[in-house]
Amino acid sequence: MLSTIADYTRLTKDLGKSMTQVATQPDVSRETDYFLSHIGNVKTIDDFLKDYRLYTYAMKAYGLSDMTYAKAFMRKVLTEGVSNKDAFANKLTDARYREFATAFNFAALGDKATQTTAATTGTATQYVTQTMEQKAGDQNEGLRLALYFTRKASTITNAYQILADKALTQVVQTAMGWSSTISSSDIDAQAKMITDKIDLTDFQDPTKVTKFVQRFAAMWDATQAQSDNSTNRAGPANSDSSLSGFSA
């Protein structure tokens, strides 16, 4: 197996090519074709939520697949939009809901909400990106985290945005060599630890982001190797000879 950084370098060296390879896979292209040919027919939030295929595609595109079941929740996100600072999506810590409500801005655009670039090709691009990261994670979870952090880094302006996102938190903790147990400590203390040790403006510089991701990848691989070695030294969990006939 290649190291995380080797996998990361291979994928990001020509990101456009990597994206095209994912986009042209039969299952991805089939769902994207359906989405692009039908989303324009959606005129209301009800229309959107009733077409399960369209709705699940959009939810995956914005990293919200695990919330697909929560239609009442998502209806509130879409109904209130993002224009008002007190809108539901704006009060949620997770920025993905604001991104979703911005892309499908029924609150501001009404029946024209699905005609925008963000709602059509923008969502399709997001879907391909999410799929690429997911498939990468199937082989190497560290690679998925590295790709996700690279994509989100430029949007980070404060430590609380990191702490509100489990994946970003995991990347930062791993890169800095911090134990995940610190997540149980006071949130303000965690934020201070991040700002004391990391200049968040560095995440606006692609070169510095790459260096940070490389640091994460090295720490990730070292941790995985240590875990594997510990498992190997421990030997089989069950040495019962009656199980010896079963292959690994």
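The table below lists the values:
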{"quantity": "Those residues of the stretch 110-121 which are of a type in the set (Val, Ile, Thr) and buried (at least 20 other Cβ atoms within 10 Å of the Cβ), in sequence order", "calculated": "Thr114"}
{"quantity": "Subset of the stretch 182-196 that is of a type outside the set (Asp, Glu), part of a helix (DSSP H, G or I) and exposed (fewer than 11 other Cβ atoms within 10 Å of the Cβ) - its residue that is farthest from the chain's Cα centre (by Cα)", "calculated": "Ala189"}
{"quantity": "Count of residues meeting criterion [free of Cβ contacts under 8 Å to residues at least 60 places away in the same chain, surrounded by fewer than 18 Cβ atoms within 10 Å (Cβ to Cβ) and outside any helix (DSSP H, G or I)] in the stretch 86-109", "calculated": "2"}
{"quantity": "Neighbours by Cβ (under 6 Å, 6+ apart or cross-chain): first from the stretch 17-43, farther than 16 Å from Ala61 by Cα; second of a type in the set (D, E, K, R) and open to solvent by 40 Å² or more (accessible area, probe 1.4 Å)", "calculated": "Lys43/Asp111"}
{"quantity": "Identity of the residue in the stretch 145-181, part of a helix (DSSP H, G or I) and free of Cβ contacts under 8 Å to residues at least 12 places away in the same chain, that ends up farthest from Gln25 (Cα to Cα)", "calculated": "Thr181"}
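Rundown of residues vs (1) touching an Asp or Glu at 6+ places or on another chain (Cβ under 6 Å); (2) among the aliphatic types (A, V, I, L, M); (3) open to solvent by 40 Å² or more (accessible area, probe 1.4 Å), yes/no style:
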| residue | (1), (2), (3) |
| --- | --- |
| Ser3 | yes, no, yes |
| Arg10 | no, no, yes |
| Val22 | no, yes, no |
| Phe35 | no, no, no |
| Lys43 | yes, no, yes |
| Leu64 | no, yes, no |
| Thr68 | no, no, no |
| Lys71 | no, no, yes |
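The values are calculated or read from the model by the stated rules, or taken from the named source; none is laboratory data. Please read all numbers here as calculations on a predicted model, not as lab measurements. With ideal geometry, Cβ positions are generated from the backbone for all residues, glycine too; neighbour counts draw on all protein chains shown. Side chains included, ligands, DNA and RNA excluded: accessible areas come from the protein's heavy atoms. Shrake-Rupley method; radii C 1.70, N 1.55, O 1.52, S 1.80 Å.
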